[in-house]
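Chemist: For reference, the structure I am asking about is given below.
The values are calculated or read from the model by the stated rules, or taken from the named source; none is laboratory data. On a predicted model such as this, the values are computed, not experimentally measured, just so you know. Because the Cβ atoms are built from the backbone with ideal geometry, glycine has one as well, and the counts that use them run over all protein chains shown.
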Amino acid sequence: MRRIAEAVEIPVTADMEAGFGTTPEEVADTARAVIAAGAVGMNLEDGDEERPGFLVELSRQKEIIHAVVEAGAGAGVPFVLNARTDILLYGMGPAGTRVARTIERLNAYHEAGAPSLFAPGAKDAETIGELVHGVGGPLNILATAGTPSVAELQRLRVARVSVGSGPMRATLSFLRRMARQFLDEGVFTMMTEDTIPYADVNRLFRPR
């Protein structure tokens, strides 16, 4: 985290999974370490690390979120906690209840102090619109293939769009297709003339 924050000139937030702890204080320690490394925010999931496939009990997750927010305030940083629920992403519980339960949890997280609320797994405009209408704070959507355009998301009043691991996985997919072309066809046409120059790549990783 520190190497990334020191290498760029824009604010950095970190994906800290479920906080790498089981108690509010342990997760707050993670937040303090993130801040010390130079980041100004973090994602926090609500999956139960001790019980895969389950969510952390709601009141406990609120305690964790409150502790993280307090850690940011104590460090004097306007820390952006992006509180996430995985109900839609992993299809948890009966399908007919998922949107309502997502709204319930995100509103609880907002009440606990989280300034940004993340609902990965919401892909269609109807579901996203329901979430925006029901969630009482800024909503973050995970963009994937089939997600409405940025203009449509703006119309729906989505506050933040993330792309997650999508660009990295798309890059690996391209690399796999290129390797298959080398192996099967013995040609190199996928390495096009508009490939980023070697010198430009080096500049991207040059310490600032």
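Chemist: Has the stretch 114-135 got at least one residue that is among the hydrophobic types (A, V, I, L, M, F, W, C), touching a His at 6+ places or on another chain (Cβ under 7 Å) and under 30 Å from residue 70 (Cβ atoms)? Outline the logic, then answer.
Modeler: Filtering the stretch 114-135 down to residues among the hydrophobic types (A, V, I, L, M, F, W, C) leaves 114, 117-119, 122, 125, 128, 131-132, 135.
The next check asks that each one be touching a His at 6+ places or on another chain (Cβ under 7 Å); those that pass are 117.
Then keep just the ones that are under 30 Å from residue 70 (Cβ atoms); that gives 117.
Taking every residue of the stretch 114-135 in turn, at least one turns out to be among the hydrophobic types (A, V, I, L, M, F, W, C), touching a His at 6+ places or on another chain (Cβ under 7 Å) and under 30 Å from residue 70 (Cβ atoms).
Chemist: For the stretch 179-188, indicate whether the set of residues that are surrounded by 11 or more Cβ atoms within 10 Å (Cβ to Cβ), free of Cβ contacts under 8 Å to residues at least 24 places away in the same chain, of a type in the set (D, E, K, R) and not assigned by TED's automatic domain parsing to the domain that holds residue 65 is non-empty.
Modeler: Initial filter on the stretch 179-188 (surrounded by 11 or more Cβ atoms within 10 Å (Cβ to Cβ)): 179-182.
Next cut, free of Cβ contacts under 8 Å to residues at least 24 places away in the same chain only: 179-182.
Checking which are of a type in the set (D, E, K, R) leaves us with 180.
Filter once more, keeping what is not assigned by TED's automatic domain parsing to the domain that holds residue 65: 180.
Taking every residue of the stretch 179-188 in turn, at least one turns out to be surrounded by 11 or more Cβ atoms within 10 Å (Cβ to Cβ), free of Cβ contacts under 8 Å to residues at least 24 places away in the same chain, of a type in the set (D, E, K, R) and not assigned by TED's automatic domain parsing to the domain that holds residue 65.
Chemist: Name the residues in the stretch 72-104 that are more than 21 Å from residue 25 (Cα to Cα) and not aliphatic (A, V, I, L, M), would you? Can you show your working first?
Modeler: We begin by selecting, within the stretch 72-104, every residue more than 21 Å from residue 25 (Cα to Cα); these are 86-104.
Once the filter is applied, which keeps residues that are more than 21 Å from residue 25 (Cα to Cα) and not aliphatic (A, V, I, L, M), the stretch 72-104 yields 86, 90, 91, 93, 94, 96, 97, 98, 101, 102, 104.
Chemist: In the stretch 36-75, what count of residues is obtained for those that are more than 14 Å from the chain's Cα centre (by Cα), among the charged types (D, E, K, R) and part of a loop (DSSP other than H, G, I, E, B)?
Modeler: Matching residues across the stretch 36-75 total 5.
Chemist: How about the stretch 41-59: which of its residues are modelled with pLDDT of 95 or more, in contact with a Ser or Thr (Cβ under 9 Å, 6 or more places away or on another chain) and either of a type in the set (S, T, N, Q) or over 20 Å from residue 120 (Cα atoms) (or both)?
Modeler: Result: 43, single match.
Chemist: Continuing with the same structure: If you check 170, 122, which single one turns out to be surrounded by 11 or more Cβ atoms within 10 Å (Cβ to Cβ) and in contact with an Asp or Glu (Cβ under 9 Å, 6 or more places away or on another chain)? Step through it out loud before you land on a result.
Modeler: On the way: 170 fails: in contact with an Asp or Glu (Cβ under 9 Å, 6 or more places away or on another chain).
From the options 170, 122, the qualifying one is 122.
Chemist: Run residue 78 past the list (1) part of a helix (DSSP H, G or I); (2) closer than 24 Å to residue 161 by Cβ and report the number of the one that doesn't hold.
Modeler: (1)
Chemist: Identify, by number, the condition in (1) more than 17 Å from the chain's Cα centre (by Cα); (2) in the same structural domain as residue 110 (by TED's automatic domain parsing) that residue 153 doesn't meet.
Modeler: So the condition that residue 153 fails would be (1).
Chemist: How many residues are outside any helix (DSSP H, G or I) and touching a strand residue (DSSP E or B) at 6+ places or on another chain (Cβ under 8 Å) if we restrict to the stretch 113-137?
Modeler: First, the residues of the stretch 113-137 that are outside any helix (DSSP H, G or I): 113-124, 135-137.
Filter once more, so that each one left must be touching a strand residue (DSSP E or B) at 6+ places or on another chain (Cβ under 8 Å): 113-122, 135, 137.
Number of matching residues: 12.
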